[in-house]
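These notes are about the structure you will find just below.
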Amino acid sequence: MAVESKAMEHIRKVLGQFGDKYFTKSCALKRNTVIEDLDNYDKDLMTAILKDDLLHKTYTSKIADVEIFEINKFVDMLRYKEYWEDSFTKYDNKIGLAAGDKYLDYSSDVVLDFPYKDCVLKAGMTKEDVEHSGDVDEPFLNETLAKPEIDELFEPKIFINATKYDKNGKTKASSISDDDNLIIKGNNLIALYSLEERYAGKVKLIYLDPPYNTKGKFGYNDSFNHSSWLTFMKNRLEISKRLLSKDGSIWITLDNTELNYLKVLADNILGRENFITTIAWRSSDNSNNDAKQFSNDFNEILVYSLAGSSWLPNKVKRNLSQSKHYSNPNNDPRGPWFDGNPLGSPNYRENLIYDIKAPNGNVIHPPKNGWRWSEETLKEKMKTGEIYFNKDFTNIKRKTYLYEQSPLPPSNLWFDLEVTGHNRQAKNEQKVLFKEKDKDKLFSTPKPEKLLEQIIHIGSDENDLVLDFFMGSATTQAVAMKMHRRFIGIEQMDYINTISVPRLQKVIAGEQGGISKAVNWQGGGSFIYAELMEKNQGYLKDIQNAKDINDLMSVYTRIKQNGDIDFRVDLDKFESSLKAGELPSFSDRKKELIKIIDKNQLYYNYSNIDDADVKDLISDSDYKFNKSFYSSNEEGKE
């Protein structure tokens, strides 16, 4: 029995109406016969296919109010059937640069081509997804072959435990407004699609600090660790683009492990014409003396904007290295100054040729082209102190004040540790914040608040919306709050409740770490915390808590009755393996049961919120919160 998707199950059922016309004696599908009849627009076959609700929804689209049967997509699904059981992809198992289906040898147009490029990868990162599963075995869902599975995966989900945090503590949240900040616990890809209806085109700045793929964390298949990471990023950049505003920007921090590949991938998704720059950020305050080759002392930040060349970043203040020659030896009330700017006019003008008489009677003659100002203006500048005589009254000098200097366009070389911080500083900020001596309990790879201050300043203004869906220790959200931006953060790992949320509570209380003093942060603000409502999570916990094989098989019985099993699993073969004793040990059987649960069904769809068996599982407050969150969806349906 072959492993089949929902679409294939429905196709077999539909084709079964025609007897053995489309099946061999061994019940194998005559794919060529089906394709030929579709090419000939066989009325009976097409009618039967379109009567099936799932196939109708998956393989039709509307153009100018006319419904079109997308035969090409349907045929693709049939043709690529032979690949489903292994990779669910039509791409060969190799990686390289290609244009269309031709590798670089055949074309001068370059795009990134890799296995699973035509797939969706959920990439769960919790203990249940990774540690208890042994070798991570998540399906690469092909965009054509497994479209119904992907559609269901990306349906908006139910939120639970909605809680508002502010200066008064925390209370249940039964509604949300556009002014509310939002923190979500759950898989970031699924959460992003739940945000789409409400926030599409509204996010001004997206900052991403993704896993750098340096320690094999994406080793779903040892031969395709690199491809898995690219698929993981591709899926998330595609939905990010839909959330970003027309004048918004996206910033991605990486080291050099995947930078160049991500650059080509991002060019394909966000548009090469929308690439702004690559920033070199000095992330280390001291070199690694133990490095075997080069000490990695900086990270790169890719910057894109959907506005392309018309995108205008906010300018930045002159950093310390550019203002060292400013000082204030005479305590001038106008602040630091220096006297190095020229006094002469760049072009000769008759009215600028005049002598200046010093208090001791010395006569000071003009430069070759005359003074920079008229005599009247120069005397006025002498009164204000901007122009002054040197000690022996043989010349005059000009004060140039620091406060008068215009902000500069941002540089893409961020080397000043005082301005953009460094990684060790970020760890110290976290230690001070939590007064935590056990470093293992803290987030391992935080970013310094100064770095996010620079990014958020350049890419947004007050009240703009900032998104970070690799939230980690919540540096982006903490800085956004201190800089009076709205924010959304997404994190799946459990440290969201031991590090991320507690950190934001401290920000509300007015903590003075990071950039707080520089921006005169006095506390305040609020945010709403909510979790994606898990579906199969209960079965996972029951399996993990089972004490013996009898407990385990009892859970398995309930999963078969009410749970969701991965559509790739052949239950007949699985149960045969149990009877044959192929999984004799308790731990092996537990591991396999965890693997067969459909991880794409861990969360409840919002479309089911009014079902009696679902509504009974959530509180009245959470029910109201969901109705408020998806209110635009509801209005659109009426």
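When each of Q561, Q601 is tested for being out of contact with any Cys (no Cβ under 8 Å at 6 or more places or on another chain) and exposed (fewer than 15 other Cβ atoms within 10 Å of the Cβ), the lone residue that passes is Q561.
How many residues does the stretch 268-306 hold that are under 20 Å from L244 (Cβ atoms) and free of Cβ contacts under 8 Å to residues at least 12 places away in the same chain? Counting residues in the stretch 268-306 that are under 20 Å from L244 (Cβ atoms) and free of Cβ contacts under 8 Å to residues at least 12 places away in the same chain gives 1. Just one of the listed residues (I528, I508, I490, I496) is open to solvent by less than 40 Å² (accessible area, probe 1.4 Å), β-branched (V, I, T) and over 30 Å from T420 (Cβ atoms), namely I528.
Taking the criterion of being in contact with a strand residue (DSSP E or B) (Cβ under 9 Å, 6 or more places away or on another chain), in a helix (DSSP H, G or I) and under 27 Å from L244 (Cα atoms), the residues of the stretch 487-507 that qualify are I496, S500, V501, L504.
Scan the helices (runs of 4 or more DSSP H) fully inside the stretch 386-486 and keep the ones with 3 or more residues being modelled with pLDDT under 90 and open to solvent by 40 Å² or more (accessible area, probe 1.4 Å). Give the steps one after another, and end with the answer.
Details: elements: 417-420, 423-434, 449-459, 475-482.
Where helices (runs of 4 or more DSSP H) fall fully within the stretch 386-486 and carry at least 3 residues being modelled with pLDDT under 90 and open to solvent by 40 Å² or more (accessible area, probe 1.4 Å), they are 423-434.
Taking the numbered list (1) over 30 Å from L153 (Cα atoms); (2) surrounded by 17 or more Cβ atoms within 10 Å (Cβ to Cβ); (3) among the acidic types (D, E) in turn, D548 passes all entries but (2).
Are any residues in the stretch 370-383 surrounded by 10 or more Cβ atoms within 10 Å (Cβ to Cβ) and either closer than 14 Å to K397 by Cα or out of contact with any Lys or Arg (no Cβ under 7 Å at 6 or more places or on another chain) (or both), and if so, which ones? Give the derivation first.
Here is the first cut: in the stretch 370-383, the residues surrounded by 10 or more Cβ atoms within 10 Å (Cβ to Cβ) are 370-375, 377-382.
Listed by number, the residues that qualify are W371, R372, W373, S374, E375, T377, L378, K379, E380, K381, M382.
State which residue is nearest to I71 (Cα to Cα) when the search covers only the stretch 30-59 and only residues that are part of a loop (DSSP other than H, G, I, E, B) and open to solvent by 30 Å² or more (accessible area, probe 1.4 Å).
Filtering the stretch 30-59 down to residues part of a loop (DSSP other than H, G, I, E, B) leaves 30, 40-42, 52, 59.
Next, only the ones that are open to solvent by 30 Å² or more (accessible area, probe 1.4 Å) stay: 30, 40-42.
Details: K30: 17, N40: 11, Y41: 9, D42: 12 Å.
Going through the qualifying residues, I end up with Y41.
I'd like to check something: does the stretch 268-291 contain any residue that is surrounded by 18 or more Cβ atoms within 10 Å (Cβ to Cβ) and in a loop (DSSP other than H, G, I, E, B)? Yes, that holds for at least one residue.
Kindly provide the set of residues from the stretch 568-587 that are assigned to a loop (DSSP other than H, G, I, E, B) and open to solvent by less than 30 Å² (accessible area, probe 1.4 Å), ordered by number. Talk me through it step by step, then tell me what you get.
Quick first cut of the stretch 568-587, residues assigned to a loop (DSSP other than H, G, I, E, B) only: 568-570, 580-585.
Correct list: D570, L583.
The criterion of being open to solvent by 70 Å² or more (accessible area, probe 1.4 Å) and either in contact with a His (Cβ under 8 Å, 6 or more places away or on another chain) or in contact (Cβ under 8 Å) with a residue 24 or more places away in the chain (or both) does not hold for P336.
The values are calculated or read from the model by the stated rules, or taken from the named source; none is laboratory data. Fair warning: this is a prediction, and the values are worked out from it, not measured in the lab. Positions of Cβ are backbone-derived with ideal geometry, glycine not excepted, and every protein chain shown enters the neighbour counts. For the accessible areas, the whole protein counts, side chains as well, though only heavy atoms, and no ligand, DNA or RNA atoms are used. Shrake-Rupley method; radii C 1.70, N 1.55, O 1.52, S 1.80 Å.
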